[in-house]
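The values are calculated or read from the model by the stated rules, or taken from the named source; none is laboratory data. Note that the coordinates shown come from a computational prediction; the quantities given were computed from them, not determined experimentally. Glycine also receives a Cβ, built like all others from the backbone with ideal geometry; neighbour counts cover every protein chain displayed.
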Ligand SMILES: [Zn+2]
């Protein structure tokens, strides 16, 4: 390209996306004179899902802005918490984020997830159809135009992934209200209606049951799964939400 040359500065939070020689600060970029600023930013490696305000010589511009010679462009990170138009807030996770999906469900956050790889095109279409924020560590997937909204998951550790999503989107937390297996909502259930799913010890020891309204899986209040209790307690302490007094274990 030998079109207009601009100066570009990427926010520190977004520097992991760009080439090493652009991470130190302001660098010059030669554009083709016809591409939008959104395209230029994306071609440098920054997914537009992660770019917040684009600022040219101190004033915000839309992604459709065509850069001209001598402009100073700043790429800022998304604001947190990020508001996604089109309530209610719900998510779609790619095939690599199964643990994160189960943890979001544990907190009552609507988190669709397919354990089979349905492919990028199908995921993007599903995101659009169900108006779900697509969560992925795959930048190529997040570049797809069809997606409703998306977010890059920065960490490969589930603990950090969960804090990232809760801090970024501030979903309402409702722990122990959603099936961790299928994302369905839980409803109170009689012992008799879930009895067949329970081992004898459970049948004798526990009385409060819930059942998934989608897949029928039974849940009961129990003392085990301390690990899950810790996840819920930590999330509620840091990000708020309604906590219930006792945990629910899973049949
Ligand atoms: Zn279920």
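Of note:
- Qualifying residue in the range 53-61 (condition: closer than 30 Å to residue 110 by Cβ, within 29 Å of the chain's Cα centre (by Cα) and exposed (fewer than 12 other Cβ atoms within 10 Å of the Cβ)): no
- Candidates 48, 54 - the one that is outside the structural domain of residue 155 (by TED's automatic domain parsing), assigned to a strand (DSSP E or B) and either in contact (Cβ under 8 Å) with a residue 40 or more places away in the chain or touching a strand residue (DSSP E or B) at 6+ places or on another chain (Cβ under 8 Å) (or both): 54
- Verdict on residue 176 being without any contact (Cβ under 8 Å) to a residue 40 or more places away in the chain and within 22 Å of residue 232 (Cα to Cα): no
- With respect to (1) in contact (Cβ under 8 Å) with a residue 60 or more places away in the chain; (2) surrounded by 15 or more Cβ atoms within 10 Å (Cβ to Cβ), the lone exception for residue 210 is condition (1).
- Qualifying residue in the range 177-184 (condition: surrounded by 18 or more Cβ atoms within 10 Å (Cβ to Cβ), away from the ligand (no atom under 16 Å from the Cβ) and not assigned by TED's automatic domain parsing to the domain that holds residue 236): no
- Residue that is nearest to the chain's Cα centre (by Cα) [pool: residues in the range 86-144 that are touching a residue at least 60 places away in the same chain (Cβ under 8 Å), in a loop (DSSP other than H, G, I, E, B) and under 24 Å from residue 42 (Cα atoms)]: 97
- Checking each residue in the range 63-84 for being over 20 Å from residue 45 (Cα atoms) and without any contact (Cβ under 8 Å) to a residue 60 or more places away in the chain picks out only 83.
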